[in-house]
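First comes the structure, then the notes that go with it.
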Amino acid sequence: KTSPSRDAVRDRLLRKFPKATWVAWDPTEVRGSVEGTAVTFGAPMREVLSLGKARVILTLDRDFLSGEPGQLANAREFAATRVPRKTGAKEYAMSRLYAVESGMSLTGGQADHRLRLAPSRIVGFAVELAKFVLSKAGAPGSDALVAAVAGVQVPEGDKIDRGFLEEAAKDLLDTANKGAAVVLAGRTMPAEVHALCHAINAALGSL
């Protein structure tokens, strides 16, 4: 973010106090998604969604239809996958949306399957999902990745809905959805969850 007025004030201040250090901090900036790419890919990046061919989407507290800058493009692409259509003898099924979220969102309202969880429990869900998907997908180094970035254990007695998790995971892993299944983490999720989602998407061929 830039501001000529702010930069001018900064330059004047630093000329007057040459030993001072200028530190910029944006309290509204969300770093989890960028830091998650650095963990997975070795460099900070910003993701751009392309949902026009998605057959299965699983969101972790992410309202991609209304809560982010690309929401209009996301909504148009997602809507295009929700219309059952026939071409000759072929019939194309609608996409499926799984939403795991802490509060009702527009994306959650459109979901075929929705699971309500507290934000802290969504992190545990992400860890368990990554363990299941990466082990089934046979992703190289998946165990090490989960151990490295997930430093989160599901608290004892904090039961994850295994039925929901495994059915969603099997849908993601279905060979018919190869390269067309994606897991998305929201702005409130920590870098570790974003990193796990990128690892899952890599294993699914959906980067």
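The values are calculated or read from the model by the stated rules, or taken from the named source; none is laboratory data. Just so you know, these numbers come straight off a predicted model, no measurement behind them. All Cβ positions, glycine included, derive from the backbone under ideal geometry; neighbour counts span all protein chains shown. In case anyone asks, the SASA skips ligands and DNA or RNA and just uses the protein heavy atoms, side chains included. Shrake-Rupley method; radii C 1.70, N 1.55, O 1.52, S 1.80 Å.
Scan region 38-78 residue by residue and report those that are in a helix (DSSP H, G or I) and charged (D, E, K, R).
Correct list: R76, E77.
When you scan region 3-17, do you find a residue that is surrounded by fewer than 17 Cβ atoms within 10 Å (Cβ to Cβ), at pLDDT below 85 and over 15 Å from the mean Cα position of the chain (by Cα), even just one?
Yes, the conditions are met somewhere in region 3-17.
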Q: Could you check, for region 51-64, whether at least one of its residues is open to solvent by less than 90 Å² (accessible area, probe 1.4 Å) and of a type in the set (F, W, Y)?
A: yes
**Q.** S5 among the small types (G, A, S) and either more than 30 Å from L97 (Cβ to Cβ) or touching a Pro at 6+ places or on another chain (Cβ under 6 Å) (or both)
**A.** yes
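Filter region 172-207 down to the residues that are touching a His at 6+ places or on another chain (Cβ under 8 Å), under 14 Å from A54 (Cβ atoms) and not in a loop (DSSP other than H, G, I, E, B) and list them by number. Even if it seems obvious, please write down each step before you answer.
Step one: filter region 172-207 for residues touching a His at 6+ places or on another chain (Cβ under 8 Å), giving 185, 207.
Now restrict to residues that are under 14 Å from A54 (Cβ atoms): 207.
Selection gives nothing.
Test A80 against the stated conditions and say whether it is in contact (Cβ under 8 Å) with a residue 40 or more places away in the chain, over 20 Å from V193 (Cα atoms) and among the aliphatic types (A, V, I, L, M). It would help to see each step written out before you state the result.
Numbers: in contact (Cβ under 8 Å) with a residue 40 or more places away in the chain: no; over 20 Å from V193 (Cα atoms): yes; among the aliphatic types (A, V, I, L, M): yes.
Here the answer is no, as A80 does not meet what is asked.
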Q. With (1) more than 20 Å from A176 (Cα to Cα); (2) surrounded by fewer than 15 Cβ atoms within 10 Å (Cβ to Cβ); (3) touching a Phe, Trp or Tyr at 6+ places or on another chain (Cβ under 6 Å) as the list, and H113 as the residue in question, which single condition is left unmet?
A. (1)
**Q.** Out of A126, A139, sole residue that is at pLDDT 90 or above and either surrounded by 15 or more Cβ atoms within 10 Å (Cβ to Cβ) or assigned to a helix (DSSP H, G or I) (or both)
**A.** A126
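Sort through V133, V152, V182 and tell me the only one that's of a type in the set (A, V, I, L, M), at pLDDT below 90 and out of contact with any Cys (no Cβ under 6 Å at 6 or more places or on another chain). Please lay out each step first, then the result.
Values: V133 fails: at pLDDT below 90; V182 fails: at pLDDT below 90.
Going through V133, V152, V182 in turn, the sole match is V152.
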Q. Taking region 79-106 as the search range and keeping residues that are open to solvent by less than 80 Å² (accessible area, probe 1.4 Å), within 27 Å of D161 (Cα to Cα) and assigned to a loop (DSSP other than H, G, I, E, B), which one is modelled with the lowest pLDDT?
A. A93
